[in-house]
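First up is the structure itself, then whatever we jot down about it.
The values are calculated or read from the model by the stated rules, or taken from the named source; none is laboratory data. Given the structure is predicted, the values throughout are model-derived calculations rather than measurements. Every residue, glycine as well, gets a Cβ built from its backbone with ideal geometry; the counts of neighbours run over all protein chains shown. Areas reflect the complete protein model, heavy atoms only, side chains present, ligands, DNA and RNA absent. Shrake-Rupley method; radii C 1.70, N 1.55, O 1.52, S 1.80 Å.
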Amino acid sequence: MPEIRVEGLVKEFGDQRALDDVSFSVEDGELFTLLGPSGCGKSTTLMSIAGFQTPEQGRIAVGEETFFDAARRLAVPAEQRNLGIVFQSYAVWPHMTVFDNLAFPLRVRKLKRDAIRTRVREVLELVEMAQYERRYPHQLSGGQQQRVALARALVYSPAVLLLDEPFSNLDAKLRERARAWVKELQHRLGLTTIFVTHDQDEALSMSDRVAVMSAGEVQQIGAPEDVYRRPANRFVAEFVGRVNLIEGVAAADGGVVVVDVTGSQHRLTVRGADGASGNVTVAVRPEAVTVLPAEDASANGTNTWEADVGTVAFLGDHYEYEVTIGSLALTVQSSRRVEGERVRVHIPPDACTVVG
Amino acid sequence: MATAALERPQPAVLDEGAAARVGRFLRRAPVHVVLVLLGLFWLIPTTGLFITSLLSASDAAQGGWWNFFAEPSSWTLENYRNMFDNEGIVDALLITAQVTLGSAILPILVASLAAYALAWIDFPGRDWLFLGVVGLLLVPIQMALIPIFSLYNRFDLFDTVPGLILFHTAFALPFAIFLLRNFFAGIPKDLMEAARIDGASELRLFFKVVLPLGLPAIASLAIFQVLFVWNDLLIGLVLAQNNQPIAPHLASQLRQFGSNLDVLAPASFFSAVIPLIVFASFQRYFVQGLLAGSVK
């Protein structure tokens, strides 16, 4: 039974479609990420779920309740949805102490003073901010404010947690720690979470499933490995990680793409290209390509070609090769350093995905 | 092309000797002297008033309060003591206090609600309404005095404290709404959305989030109002007769008994000092409030 169901959201700002038939569902306890560049509609989707935006079409349901249904003209106000949200700017109230910030939603729900105190202290312990109870937000660092914002979202045990790019204001080191920490917390509490970000590292490392969005449309939904290794289309292939895109023509005998390279033709065996015909684009991740010495005669199998080395860069944990096979340029990532101006590259069929 | 050699900028003076420091002081001295003299000059009337209030009736009648400096021992506090016994003046002061308090609180209440709606609630005709309210800033008080005078007579509001409060409030509202609306508009939207998602109703949002954040602007509004209403002469003169605030009361005393300085001086000085105290206590809000709505 999915916890959150989003169906067919359409949102227009003037004649611009911010959301174009956005649909997905989130399982109970899952951390689901909306990933995409600025302006792709991921924040608009989140705000629609929260109740701050009203789409023109579509349906949003959480658990048993329907929060939004354009057809029935139903839109439950944000204050009645019992969701938790952490804004990009944290939105911690500057005129209240940390304690009062957390107590606010509990007071709205008319809890008794003692109950409030207990619960606030409990959640502050959870986010490791117990000793900052009496401080004001301007006396806290960015990371601390963020934890207060998170605590405030959690204090009334919402059904769902919404996070709108919560780490973008933190420095890189803090961001990594915050990611791991939030993921652990979310997992421990089993809280269904929707996470919005433009940072693909974040999306890949934290999510149970990712929805890649672009220009208001959902491009692909899947587990991080799937989205990374089997991108559904060119956009996803290019947006998530780095990729080599190889143009070619699908051969009559399935599973092979003929790549035309300045005169000579190479046959690229591609897994899953059976149904394809005509011009296709094949995506290959740089780290999937292996580099071998040119003289290595044993390496003469499928998808193994000779290439000229353009540049080699050392990046600490790996080398990056820019090679050319005639007119085809490839980026290769390898932990091996192969000397020479000519090398052999091998592209495993499994690493090739037809993306268009 | 000849390039003139760039002069190295002179480093800031950090290590100067005592002689250099004295030199700098002397160079700035004329400006300081002028400023001090100007300040003292402006203080002359107030000082004169203060000293006169300390003189006994006979001394005051002789005129020339500056002679006080020749014989500083002749001051007395009996004028102030008598002032508090003077029913007319005490009543006037109390009326002024009531009118001022009411005219500070009521506009704030009404204007803050209006400002919040104009800033954050999207309703049809909102912008025109705001334009209209701001346009009312142009209406001069003098234009409304006579119509309101007859209106008050019809509704028995003439010569009453509520009547004065209502008039002051009405004329305070356009500016108050303008100031507060711009200030509220500068509150980050996130802060209010966060309150909404936490379940807050509109009213709770207003009282617990918007108002506290608008405190600087509200405080400065309150100060503006106190200063203006306490010192007001015109409105009190026209819309009151037997229950006049302090300024018109003293003015009428001056007309009738121009010679009783022993009564007028302490009352005037006392009346002048009150808003000064308010200003001094809330001064930091005042300065903050001057920038209210101008810097996001």
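Odds and ends about this structure:
- Its Cα centre serving as origin, chain A has a Cβ charge dipole (Lys and Arg +1, Asp and Glu -1) of approximately 1760 debye.
- DSSP assigns beta bridges within the protein assembly as shown; of those with both partners inside it, close to 80 percent run antiparallel.
- From the C-alpha gyration tensor of the range B:140-296, square roots of 5λ in Å: 38, 20, 12
- Helix A:98-108 vs. chain A, principal-axis angle (Cα, 0 to 90°, nearest 10): 70 degrees
- Nearest-20 debye value, the protein assembly as shown charge dipole, Cβ charges on Lys, Arg, Asp, Glu: 1560 debye
- Highest mean packing first, where packing is the average number of other Cβ atoms within 10 Å per residue, the peptides A:177-190, A:319-332 line up as A:319-332, A:177-190.
- In the range A:82-125, the alpha-carbon atoms span a convex hull of 84 Å³ per residue.
- When chain B is treated as a GNM with alpha-carbon contacts under 10 Å, the residue of B:Ala117, B:Ala18, B:Ala217 showing the greatest mean-square fluctuation is B:Ala18.
- Heavy atoms of A:Val62 accessible to a 1.4 Å probe, total area in Å² rounded to 10: 10 Å²
- Helical content alone sets the calculated 222 nm signal of chain A at -7000 deg cm²/dmol, taking -39,500 (n - 2.57) per DSSP H segment of four or more residues and averaging over every residue.
- Toward the positive end of the charge dipole of the protein assembly as shown, with +1 on the Cβ of Lys and Arg and -1 on the Cβ of Asp and Glu, the farthest Cα among A:His198, A:His187, B:Phe279 is that of B:Phe279.
- Residues with amide H under 5 Å from that of A:Cys352, placed H, sequence gap 5 or more: A:Arg271
- Computed helical MRE - 222 nm, chain B, DSSP H runs ≥ 4 contributing -39500 (n - 2.57), nearest 500: -23000 deg cm²/dmol
- Phi angles across the range A:119-134 convert, under the Karplus curve 6.51 cos²θ - 1.76 cosθ + 1.60 with θ = phi - 60°, into 3J(HN,Hα) values of 5, 4, 5, 4, 5, 5, 4, 4, 9, 6, 10, 4, 7, 9, 3, 8 Hz, Gly and Pro given as x.
- Ordered from longest to shortest, the equivalent ellipsoid semi-axes for the range A:184-230 are 20, 12, 10 Å, each the square root of 5 times a Cα gyration tensor eigenvalue.
- Rounded to the nearest 10 Å², the accessible area of A:Asp114 at probe 1.4 Å: 100 Å²
- Residue by residue, the range A:188-199 carries 3J(HN,Hα) couplings of 5, 7, x, 8, 5, 9, 10, 10, 10, 7, 9, 8 Hz when phi is fed to the Karplus relation 6.51 cos²θ - 1.76 cosθ + 1.60 (θ = phi - 60°); x denotes Gly or Pro.
- With the highest mean first, a sort of the peptides B:34-42, A:343-351, B:182-190 on other beta-carbon atoms found within 10 angstrom per residue produces A:343-351, B:182-190, B:34-42.
- Stretchable slack from B:Gln142 to B:Leu101, in nm (0.36 nm times residue separation minus alpha-carbon distance): 12.5 nm
- Of the GluC sites (Glu not before Pro) found in the range A:61-90, the ones in coil according to DSSP and having at most 14 other Cβ atoms within 10 Å of their Cβ are A:Glu64.
- When all alpha carbon pairs of chain B are counted in 5 Å bins from zero, the resulting P(r) reads 1, 5, 9, 10, 11, 11, 10, 10, 8, 7, 6, 5, 3, 2, 1, 0, 0, 0 %.
- Taking all protein chains together, A:Lys11, A:Lys110 sort by accessible area into A:Lys110, A:Lys11, largest first [probe 1.4 Å].
- Residue of A:Pro224, A:Pro293, A:Pro37 that the Gaussian network model of chain A assigns the largest fluctuation, springs spanning Cα pairs under 10 Å: A:Pro293
- At least 18 Å along the helix axis (C-alpha) and Kyte average at least -0.5, DSSP helices within chain B: B:18-53, B:87-120, B:141-154, B:161-185, B:215-230, B:261-281
- With the biggest extent put first, the Cα atoms of chain A measure 79, 48, 36 Å across the principal axes.
- When B:Glu7, A:Glu7 are compared by accessible area at a 1.4 angstrom probe, the order from most to least is B:Glu7, A:Glu7.
- Considering only A:Tyr319, A:Asn279, A:Val309, the residue lying farthest towards the positive end of the dipole of the range A:242-355 is A:Asn279, judged by Cα position with unit charges set on Cβ.
- Listing of the range B:183-208 residues, each with accessible area lower by at least 20 Å² in the full protein assembly than in the chain alone (probe 1.4 Å): B:Asp190, B:Leu191, B:Glu193, B:Ala194, B:Arg196, B:Ile197, B:Asp198, B:Gly199, B:Ala200, B:Arg204, B:Lys208
- Å³ per residue enclosed by the Cα convex hull of the protein assembly as shown: 337 Å³
- Estimated distance in nm for a label pair at B:Asn82 and A:Val10, the labels positioned 7 Å out from Cα along Cα-to-Cβ: 8.8 nm
- Here the Karplus curve 6.51 cos²θ - 1.76 cosθ + 1.60, taken at θ = phi - 60°, turns the phi angles of the range A:19-33 into couplings of 10, 10, 6, 8, 9, 6, 9, 10, 6, 4, x, 8, 9, 10, 10 Hz, with x standing for Gly and Pro.
- Total buried accessible area between B and A, probe 1.4 Å, nearest 100: 1700 Å².
- Amide H contacts of A:Val282 (H built 1.01 Å from N, in plane; Pro and chain starts excluded): A:Ile246, A:Glu247, A:Gly248, A:Val355 sit under 5 Å, all sequence-distant by 5 or more or on other chains.
- Averaged over the residues of peptide A:89-97, the number of Cβ atoms from other protein chains lying within 10 Å of each residue's Cβ is 5.
- Using alpha carbons only: equivalent-ellipsoid semi-axes of the range A:242-355, gyration tensor based, whole Å: 24, 14, 12
- Ratio of Rg to Rh for the range A:1-144: 1.03 [Cα atoms; Kirkwood radius as inverse mean 1/r over pairs].
- Positive-end residue, chain A charge dipole about Cα centroid, Cβ charges, pick of A:Val86, A:Ala103, A:Leu46: A:Ala103
- Here the dipole of chain B is about 920 debye; that uses its Cα centre as origin and unit charges on the Cβ of Lys and Arg (positive) and Asp and Glu (negative).
- Residue ranking by accessible heavy-atom surface, 1.4 Å probe, largest first, among B:Ser150, B:Ser252, B:Ser259 comes out as B:Ser259, B:Ser150, B:Ser252.
- Computed Rg/Rh of the range A:77-173, alpha carbon atoms with Kirkwood Rh: 0.95
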